[in-house]
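The values are calculated or read from the model by the stated rules, or taken from the named source; none is laboratory data. Here the structure is a predicted model, which means the values were calculated and not measured. Positions of Cβ are generated from backbone atoms using ideal geometry, with glycine treated the same way; all protein chains shown enter the neighbour counts. Each accessible area value is taken on the protein alone, full model and side chains, heavy atoms only, with ligands, DNA and RNA left out. Shrake-Rupley method; radii C 1.70, N 1.55, O 1.52, S 1.80 Å.
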Amino acid sequence: MVRRFTSWILGLFLLLSAGSVHAAHLVGGEITYTCNGGNNYTIKLRVYRDCNSGGAQFDNTVTFTIFDNTGAQLYNPTVNKGPTVSVPAGTGNPCLTTPPNICTEYADYVHTMNLPARVGGYTISYQRCCRNATISNIAASGKGNTYTVQIPSLDNCNSSPEFTTVPPIVLCLNDLQNINASATDADGDSLYYEFCDILNGGSSGNASPNPAAAPPYTAIPFIAPQTSSSPVPGNPALTIDPNTGYITGSANTTGQFVVGICVSEYRNGVYQSTVRRDYQFNITNCVSNVVADMLTQIEKPSLLCGGRTMPFQAQTSGAISYYWDFGDTTTTQDTSSSPSPSWTYPDTGAYTVMLVINPGLVCTDTVYESFHIYDAPDYVIQYDGQSCFEAQDLTFYASGTTPHDATFSWDFGNLANVYGATGDTVQHVSWSQPGKYPVQLIVYSKTCPDTTYDTIDVVQWSLPVFAGNDTAIARGDTAYLNVTAGAAYRWFADKPVYFNNYRQQDPQAWTYQDSTTFYAIVTNSVGCQGIDTVFVYYLPDQTDPDLSNVQNAMTPNGDGMNDVLDLSEVTFGDQCTLRVLNRWGGQVYQQDNYDDTWGGTNANGNPLPPGTYYILLHCGKELRYGGPVTIVR
């Protein structure tokens with residue numbers, strides 16, 4: 001179960017809201033410098049202000065007053081304000097949330113100038129009033145600030161230490177602190193840290209002295225039992241590590257407390273300078289807002305669909321670290337520190353998953369959830385039947401593992417004979433043209449919806465067919481044809497020919513013109529077809545005789561002129577067989593020992609319709625003549 005910690009204590013809210021009516025604005029600051037070479041120094045003043053009070057805004061300009069070692073004023077440059085920067089209201093412990101009415105911001109004032117090396121060095125100072133009157137550990141009313149730093153005597157381009165972090169605004173009551181107040185030194189000097197005095201400067205009657213007063217400066221006394229070296233009440237007391245600059249301890253009293261943090265630099269054991277950070281901490285009761293939670297399969301049902309690899313997602317508040325245990329009892333490696341890990345389980349089943357946030361911290365939380373692992377749904381489009389264009393009659397199936405609540409919708413495209421099909425099976429699907437067509441299957445499910453695609457290739461003439469190699473024959477010879485075996489056959493040619501049977505695998509054919517292309521369509525047992533051609537041509541020494549005067553028209557109307565087909569100039573008295581074919585190659589009449597008496601009738605003696613027919617005249621094995629004859633009635 002989820003453990004949720006929520007505690008609201010309003011003490012500091014009341015303190016801050018009451019104090020803000022009369023508060024000034026200064027929270028703290030420090031002054032540092034960097035040597036650029038050639039006695040040129042970049043001086044930086046950073047000032048912190050309380051932006052939740054009714055005090056004054058940042059000054060648009062300030063003056064740095066620079067003194068020699070006797071306190072005599074040497075320079076007093078005016079310096080412009082840089083950008084205003086908000087300080088995050090962090091507590092140093094992300095398990096705790098601060099009240100919303102705490103606000104601090106800072107601005108930098110940066111100036112570069114030449115300061116020749118001199119005996120006794122320089123003191124750089126800036127003074128400003130006033131501090132917040134609500135500070136708990138000093139009598140702050142009417143008290144201001146002096147920010148000051150020294151450049152060593154006869155300096156050889158020393159740079160002061162620079163603090164590395166912006167201090168936190170809020171310290172949570174009774175929370176163990178580990179505050180980074182460390183600094184860096186560009187010269188590599190040794191640094192020493194300590195709590196130190198805070199200095200007064202300015203007054204309510206002279207808020208921004210110009211020039212600043214000369215050193216030495218007056219330290220502001222602390223209200224007992226607090227001192228400059230122990231400025232904040234705590235248990236354990238707040239202390240600063242002299243070597244690292246880290247502040248540790250636990251503040252045990254709410255309020256606003258000012259501290260002085262000094263970092264001094266030493267070069268080969270010789271003192272160079274000290275940077276003093278004057279800063280105000282707000283000690284408050286913080287809100288514990290740490291909640292461990294994770295995304296569950298109830299909240300996101302699609303997690304039931306991923307198979308044995310389960311992605312996890314932390315849904316927490318105030319988490320900075322994570323510890324997962326995925327409940328896989330077959331291994332001890334089923335842990336992770338990621339906010340969004342995944343784990344592959346060895347088998348299906350129910351597993352208890354644990355998430356701990358911020359393990360080892362004071363503020364932590366744990367949650368347990370049960371996850372059910374299933375094999376991933378496997379949506380597959382399958383079909384039965386032939387995809388050849390001639391015999392399309394396909395049945396499509398939604399196959400594979402699908403959720404129990406799945407429903408189906410199909411899309412076969414605009415050229416299909418089926419539209420808006422539903423269900424896991426669709427029958428009698430076909431397309432009006434050959435081509436490649438996408439098939440879409442939409443699976444509707446509350447848990448595992450999906451869409452999958454396949455492509456069906458509807459091909460015409462897909463059956464492999466071979467009609468033989470091109471063949472040369474003597475004029476008048478028979479062409480012996482043969483094609484790949486199938487269930488049905490159909491032969492035709494690009495010129496008039498005679499087949500003994502154009503619907504068999506190996507027909508015989510007689511041509512009456514050179515260079516004839518024969519076509520063979522083969523149909524298999526399921527209706528798919530293929531087509532091939534074979535080219536039959538005469539041997540080179542065979543030429544067509546001049547038969548230009550052979551009768552090619554008939555008018556069988558009983559007037560004694562062209563009533564019959566006279567082929568006497570072709571038969572020359574030989575015994576020849578006449579065959580008459582219609583335009584499709586079908587035989588409509590045959591007469592052996594033709595005697596020039598055919599009068600345009602069929603085999604039953606009935607008149608044939610007007611039109612063009614083809615005649616073949618075989619004399620023995622020789623095809624002596626073939627050509628058209630037109631019946632006109």
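The number of residues in the stretch 494-534 that are in contact with an Asp or Glu (Cβ under 7 Å, 6 or more places away or on another chain), over 12 Å from residue 479 (Cβ atoms) and in a strand (DSSP E or B) comes to 2.
One residue alone among 68, 50, 59 is out of contact with any Leu (no Cβ under 8 Å at 6 or more places or on another chain), open to solvent by less than 60 Å² (accessible area, probe 1.4 Å) and modelled with pLDDT of 70 or more, and that residue is 59. Of everything in the stretch 426-460, what is touching a helix residue (DSSP H, G or I) at 6+ places or on another chain (Cβ under 9 Å) and either closer than 13 Å to residue 383 by Cβ or of a type in the set (Asp, Glu) (or both)? Give them in sequence order. The answer is 430, 431, 450, 458. Scanning the stretch 281-296 for residues that are in contact with a Phe, Trp or Tyr (Cβ under 7 Å, 6 or more places away or on another chain) and either at pLDDT below 95 or within 19 Å of residue 32 (Cα to Cα) (or both) yields 281, 283, 287, 288, 290. Of the strands (runs of 3 or more DSSP E) entirely within the stretch 295-408, those holding at least 2 residues that are hydrophobic (A, V, I, L, M, F, W, C) and over 30 Å from residue 428 (Cβ atoms) occupy 349-357, 365-373. Does the stretch 474-487 contain any residue that is exposed (fewer than 15 other Cβ atoms within 10 Å of the Cβ) and within 60 Å of the chain's Cα centre (by Cα)? Yes - at least one qualifying residue is present in the stretch 474-487. Looking across the stretch 360-381, the residues that are under 18 Å from residue 297 (Cα atoms), open to solvent by 50 Å² or more (accessible area, probe 1.4 Å) and either touching a residue at least 40 places away in the same chain (Cβ under 8 Å) or charged (D, E, K, R) (or both) come down to 368, 369, 372, 374, 375. Looking across 218, 253, 284, 184, one residue alone is in contact with a Gly (Cβ under 9 Å, 6 or more places away or on another chain) and open to solvent by 60 Å² or more (accessible area, probe 1.4 Å). It is 218. Among the residues making up the stretch 439-473, those that are within 30 Å of residue 401 (Cβ to Cβ), in contact with a strand residue (DSSP E or B) (Cβ under 8 Å, 6 or more places away or on another chain), open to solvent by less than 30 Å² (accessible area, probe 1.4 Å) and of a type in the set (A, V, I, L, M, F, W, C) are 439, 441, 443, 456, 458. Candidates are the residues of the stretch 77-94 that are among the polar types (S, T, N, Q) and surrounded by 13 or more Cβ atoms within 10 Å (Cβ to Cβ); the one that is modelled with the highest pLDDT is 84.
Residue by residue, here is whether (1) closer than 16 Å to residue 47 by Cα; (2) assigned to a loop (DSSP other than H, G, I, E, B); (3) among the β-branched types (Val, Ile, Thr) holds:
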position: 156; (1), (2), (3): no, yes, no
position: 160; (1), (2), (3): no, yes, no
position: 166; (1), (2), (3): yes, yes, yes
position: 179; (1), (2), (3): no, no, yes
position: 193; (1), (2), (3): no, no, no
position: 202; (1), (2), (3): yes, yes, no
position: 211; (1), (2), (3): no, yes, no
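Look at (1) open to solvent by 60 Å² or more (accessible area, probe 1.4 Å); (2) more than 30 Å from residue 454 (Cβ to Cβ) and you find that residue 309 fails only one, number (2).
Could you tell me which numbered condition residue 147 fails, if it satisfies all but one of (1) modelled with pLDDT of 95 or more; (2) outside any strand (DSSP E or B); (3) open to solvent by less than 10 Å² (accessible area, probe 1.4 Å)? With respect to (1) modelled with pLDDT of 95 or more; (2) outside any strand (DSSP E or B); (3) open to solvent by less than 10 Å² (accessible area, probe 1.4 Å), residue 147 is out only on (2). Quick check on the stretch 382-417: of everything there that is crowded, with 17+ Cβ neighbours inside 10 Å and either acidic (Asp, Glu) or free of Cβ contacts under 8 Å to residues at least 12 places away in the same chain (or both), which residue is farthest from residue 523 (Cα to Cα)? Looking at residues that are crowded, with 17+ Cβ neighbours inside 10 Å and either acidic (Asp, Glu) or free of Cβ contacts under 8 Å to residues at least 12 places away in the same chain (or both), I get 411. Taking the criterion of being more than 48 Å from the chain's Cα centre (by Cα) and of a type in the set (S, T, N, Q), the residues of the stretch 37-59 that qualify are 39, 40. Every condition in (1) in contact (Cβ under 8 Å) with a residue 60 or more places away in the chain; (2) closer than 22 Å to residue 168 by Cα; (3) open to solvent by 20 Å² or more (accessible area, probe 1.4 Å) holds for residue 231 except the one numbered (3). Within the stretch 574-597, residues that are surrounded by fewer than 16 Cβ atoms within 10 Å (Cβ to Cβ) sit with their Cβ atoms under 7 Å from residues that are among the acidic types (Asp, Glu) and not in a strand (DSSP E or B), at 6+ positions apart or across chains, in these pairs: 577/592; 596/566. Counting only residues that are closer than 13 Å to residue 504 by Cα and open to solvent by less than 10 Å² (accessible area, probe 1.4 Å), the stretch 520-535 holds 2 of them. Inside the stretch 99-115, can you point out the residues that are in a loop (DSSP other than H, G, I, E, B) and open to solvent by 60 Å² or more (accessible area, probe 1.4 Å)? Passing the criteria: only 100. Scan the stretch 290-298 and tell me whether some residue there is in contact with a His (Cβ under 8 Å, 6 or more places away or on another chain), of a type outside the set (A, V, I, L, M) and touching a residue at least 12 places away in the same chain (Cβ under 8 Å). Yes, there is a match, as at least one residue in the stretch 290-298 is in contact with a His (Cβ under 8 Å, 6 or more places away or on another chain), of a type outside the set (A, V, I, L, M) and touching a residue at least 12 places away in the same chain (Cβ under 8 Å).
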